[in-house]
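Student: Below is the structure I would like to discuss, written out as structure tokens.
The values are calculated or read from the model by the stated rules, or taken from the named source; none is laboratory data. Just so it is clear, the structure is predicted and the values come from calculations on it, not from any experiment. When we count neighbours, we look across all protein chains shown, and the Cβ atoms used for this are built from the backbone with ideal geometry, even at glycine. Surface areas here come from the heavy atoms of the whole protein model, side chains and all, with no ligands, DNA or RNA. Shrake-Rupley method; radii C 1.70, N 1.55, O 1.52, S 1.80 Å.
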Amino acid sequence: MKFFRLAGSRVVKTGVAIFITAWICVLLDWPPVFAVITAIVTIEPTVSDSIKKGIVRFPASAIGSAYAVLFISLFGNSPLTYTLAAVFTIATCFRLRLHAGLLVATLTSVAMVEVIHTNVLMSFFIRLGTTTTGLVVSTVVNMFMMPPDYTKEIARKLERIAFRTGIAAEKVFHDILDDQHQVIVVEQELTDQLDNMIQQTEQLIRFQKEESKYHPLIGSERTRFEQDQKQLIQLRLIHYHIENLVYTSFDQVEWPPEEKTAIMTAVTDMAQSLKHPDAFNRVKHREHHERLTDIFWDDTEAITTAKKQYPANLPPELKILYELLSIYNLVGRYYGKLE
């Protein structure tokens, strides 16, 4: 049971592709090693990537094979042959921008030197045949066997991101309100971890979009995937506003006790709704939003009245309330538009 948990779909598909590729090469009396190398690297996270990179790897492998044939004809099986075959393959692939095929082309180029003994031209065409076999078999296996599906993993990561966002928001605002914001190492670690999680999920969404070209999502699955994309955008924007607070210095923040209590309560409830979706209450959320808006405009009026003019820089209270209101709006969108 533990083996099946460790062996994911890509591992299983790679094994199947290797077996079929090697079996075909044995039937055709071709050396399987080159086809197997190609088959291994062609199993990509999506069918689209397998096809795109396969189109690059075929000419790259042909270039590596050509150089191997050329230099073994000139210098035989010698150290100079390995060196020149590798260097020229790397340089040519780099100049032609065949980066996805550079590694496999170089490896197979130097490996060919060992197996070419007679009829170098035939060896070249056999090499093209084994490359084609590995590419086609791996792409077909990737397309029809256990097609990649990232929707469930995306949904799980979204829940974790929302939970971590709630923790980060609560920590940052509480530090600011308790005048402990100058010690921001923990806050930076939280936002950095959150950024990494968001980037990983964005990559999974890209994979799923590419995969949908060959295995389209339908019905509720498609609706859920579109909703997940929108929610990730909201979480990315919330992360942006939290980072604004983390990397901004504030002087001592002064609010009347009742306003400070209202802000602390709003932050706690907002953080809880992110950490536990069932805790989100739309009516309560709207009430907190209205209360924060009232505090924002009251503070704006009080500051401008006291100074008889508009300040050159926004006071820290207004900056904090602006970011908090922005986050509140985004949390409302995360769970659906505010009524």
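Student: Quick one: Y240 ticks every box in (1) open to solvent by 40 Å² or more (accessible area, probe 1.4 Å); (2) farther than 18 Å from Y335 by Cα; (3) part of a helix (DSSP H, G or I); (4) at pLDDT below 90 bar one, so which box is it?
Tutor: (4)
Student: Take the residues in the stretch 303-339 that are of a type in the set (K, R) and over 30 Å from V283 (Cα atoms); name whichever of them is modelled with the highest pLDDT. Don't jump to the end; show me each part of the working.
Tutor: Applying the first criterion (of a type in the set (K, R)) to the stretch 303-339 yields 307-308, 319, 333, 337.
From what's left, over 30 Å from V283 (Cα atoms): 307-308.
Details: K307: 56, K308: 47.
Only one residue fits best here, namely K307.
Student: Taking the stretch 75-120 on its own, how many of its residues are without any contact (Cβ under 8 Å) to a residue 24 or more places away in the chain and of a type in the set (S, T, N, Q)?
Tutor: Residues flagged as without any contact (Cβ under 8 Å) to a residue 24 or more places away in the chain and of a type in the set (S, T, N, Q) within the stretch 75-120 amount to 4.
Student: Sticking with this one: Under 8 Å between Cβ atoms, which residue pairs at least 6 apart in sequence (or on different chains) link something in the stretch 252-275 that is at negative phi and surrounded by 15 or more Cβ atoms within 10 Å (Cβ to Cβ) with a partner that is basic (K, R) and outside any helix (DSSP H, G or I)?
Tutor: Matching pairs, first to second residue: none at all.
Student: Still on this structure, please answer the following. Can you pull out the residues in the stretch 233-290 that are more than 16 Å from D175 (Cβ to Cβ) and of a type in the set (S, T, N, Q)?
Tutor: If the condition is that a residue be more than 16 Å from D175 (Cβ to Cβ) and of a type in the set (S, T, N, Q), then Q234, T261, T265, Q272, S273, N281 are the ones that fit.
Student: If you check R222 against the conditions, is it open to solvent by 90 Å² or more (accessible area, probe 1.4 Å), part of a helix (DSSP H, G or I), more than 21 Å from E44 (Cα to Cα) and not aliphatic (A, V, I, L, M)?
Tutor: Working: open to solvent by 90 Å² or more (accessible area, probe 1.4 Å): yes; part of a helix (DSSP H, G or I): yes; more than 21 Å from E44 (Cα to Cα): yes; not aliphatic (A, V, I, L, M): yes.
Taking the combined requirement at face value, the residue satisfies it.
Student: I'd like to check something: does the stretch 100-108 contain any residue that is at pLDDT below 85, touching a Ser or Thr at 6+ places or on another chain (Cβ under 8 Å), of a type in the set (S, T, Y) and under 19 Å from F125 (Cα atoms)?
Tutor: yes
Student: Report, by residue number, each residue of the stretch 146-169 that is over 30 Å from T191 (Cα atoms) and modelled with pLDDT of 85 or more.
Tutor: The answer is none; no residue qualifies.
Student: Could I ask something else about it? Going by the structure shown, is D29 on the phi > 0 side of the Ramachandran plot and modelled with pLDDT under 90?
Tutor: So D29 fits the description; yes.
Student: Next question, about the same structure. Tell me which residues, restricted to the stretch 189-232, are under 26 Å from V172 (Cβ atoms), among the acidic types (D, E) and in contact (Cβ under 8 Å) with a residue 60 or more places away in the chain.
Tutor: Within the stretch 189-232, just D228 meets the criteria.
Student: Can you tell me which residue within the stretch 156-177, out of those that are aliphatic (A, V, I, L, M) and under 15 Å from the mean Cα position of the chain (by Cα), is farthest from A271 (Cα to Cα)? Please lay out each step first, then the result.
Tutor: Here is the first cut: in the stretch 156-177, the residues aliphatic (A, V, I, L, M) are 158, 161-162, 167-169, 172, 176-177.
Next, from what is left, pick out any that are under 15 Å from the mean Cα position of the chain (by Cα): 158, 161.
On the way: L158: 15, I161: 12 Å.
Only one residue fits best here, namely L158.
Student: Among all residue pairs at least 6 apart or on different chains, which show Cβ distances below 7 Å where the first residue, located in the stretch 50-71, is within 16 Å of G129 (Cα to Cα) and surrounded by fewer than 24 Cβ atoms within 10 Å (Cβ to Cβ) and the second is at pLDDT 90 or above and not basic (K, R)?
Tutor: Pairs that qualify, where the first residue is within 16 Å of G129 (Cα to Cα) and surrounded by fewer than 24 Cβ atoms within 10 Å (Cβ to Cβ) and the partner is at pLDDT 90 or above and not basic (K, R), are I63/T89; I63/T92; I63/C93.
Student: Quick check: is even one residue across the stretch 163-182 crowded, with 19+ Cβ neighbours inside 10 Å and closer than 30 Å to G15 by Cβ?
Tutor: So far as the stretch 163-182 goes, no, none of its residues is crowded, with 19+ Cβ neighbours inside 10 Å and closer than 30 Å to G15 by Cβ.
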